[in-house]
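Participant: The following block contains the structure, expressed as structure tokens.
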Amino acid sequence: MKKVNNVYLYDGSFLNLLSLIKVLLKENIIPQNIKIQGYEENLFSSNINLEIEDDEKIIPNIIHNLGSRIFNGIYYIYLSNNDDKELLIYYFLLYSIKYKDKVFVLRKIEEVNKGLKVIKYVGNENHKMKGFLRFKELKNNVLYAEFAPTNNVLPLLVNHFKKRLKNERWLIYDQKRNIWAYYDLKEVYFWDGLDINIKIDNISDDEEKMVHLWQTFYDTIGIKERKNDRCRQNFMPKKYWKYITEVENI
């Protein structure tokens, strides 16, 4: 493998990134970094745009040859907010090709260890949001929820709620990335940058009553003398509070 002082560019999509990494691995190239097109050059590297054609077979090939666990791992890294996630995916695939599932115990290899930490971080946030996400019923009977996760866990969450709320139409909004996901009882559709204004008067009358009842119940059963916000934050990070009905006004 030859290490070069080049930053290779891709179009931002997961498929294009994997297609680029496939070419780099085939050519035995270890890049200085991999970034989305538009990345500014620095004095110590050159940007290379290979304009790679997407390989539609690469995802099923990775799953078939390396296994779904490894594929899920690199997908979790891709959904993370890590600045060097593309390079972490490159190294994770590089060592996965050689060690297969043993890559998950190669913590002494710095690049792999960083990738494993990112996978765990994204997985933990995804798990938390399954419990923290709160839906409200709109007047058109669609369930609506909004949040602003650190990582882009919306693509992971929709699979959970597609099973959990399979008989309900729902809409989830990621405020941080301005991404919407809508389930119509059959399929999930994503929109990026769509301007949908969900106002308080869109909430159904029954929902307003339920919110009031739930907040009253939550306040009633609480023991004032045992209130411990620091302890609460250990289980429910404060950054999520404004999206959770029972504590959104704290």
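The values are calculated or read from the model by the stated rules, or taken from the named source; none is laboratory data. The structure displayed is predicted, hence computed values, not measured ones. Every residue, glycine as well, gets a Cβ built from its backbone with ideal geometry; the counts of neighbours run over all protein chains shown.
Participant: Among the numbered conditions (1) at pLDDT 95 or above; (2) surrounded by 15 or more Cβ atoms within 10 Å (Cβ to Cβ); (3) not hydroxyl-bearing (Ser, Thr, Tyr), tell me where ASP55 comes up short.
Facilitator: (1) is the only condition that ASP55 fails.
Participant: Follow-up question, since we're still on this one. So which residues in segment 163-189 are among the hydrophobic types (A, V, I, L, M, F, W, C) and surrounded by fewer than 14 Cβ atoms within 10 Å (Cβ to Cβ), if there are any at all?
Facilitator: LEU185
Participant: Hey, TYR144 hits all of (1) in a helix (DSSP H, G or I); (2) in contact (Cβ under 8 Å) with a residue 40 or more places away in the chain; (3) more than 30 Å from PRO31 (Cα to Cα) but one; which does it fall short on?
Facilitator: (1)
Participant: Being outside any strand (DSSP E or B) and over 14 Å from TYR189 (Cα atoms) is the filter here, so list the residues in segment 147-165 that pass it.
Facilitator: Across segment 147-165, the qualifying residues are ALA148, PRO149, THR150, ASN151, ASN152, VAL153, HIS160, LYS163, ARG164, LEU165.
Participant: Is it the case that some residue within segment 70-79 is more than 27 Å from ILE172 (Cβ to Cβ) and in contact (Cβ under 8 Å) with a residue 12 or more places away in the chain?
Facilitator: yes
Participant: Only one of these conditions is not met by ALA148: (1) modelled with pLDDT under 65; (2) loosely packed, with under 14 Cβ neighbours inside 10 Å. Which number is it?
Facilitator: (1)
Participant: Here are some conditions: (1) at pLDDT 95 or above; (2) in contact with a strand residue (DSSP E or B) (Cβ under 6 Å, 6 or more places away or on another chain); (3) exposed (fewer than 15 other Cβ atoms within 10 Å of the Cβ). LYS3 meets all but one. Which one does it not meet?
Facilitator: Every condition holds for LYS3 apart from (1).
Participant: With the structure loaded, tell me whether LYS57 is basic (Lys, Arg), in contact (Cβ under 8 Å) with a residue 12 or more places away in the chain and under 21 Å from SER96 (Cβ atoms) or whether it fails that test.
Facilitator: Spelling it out, it is not the case that LYS57 is basic (Lys, Arg), in contact (Cβ under 8 Å) with a residue 12 or more places away in the chain and under 21 Å from SER96 (Cβ atoms).
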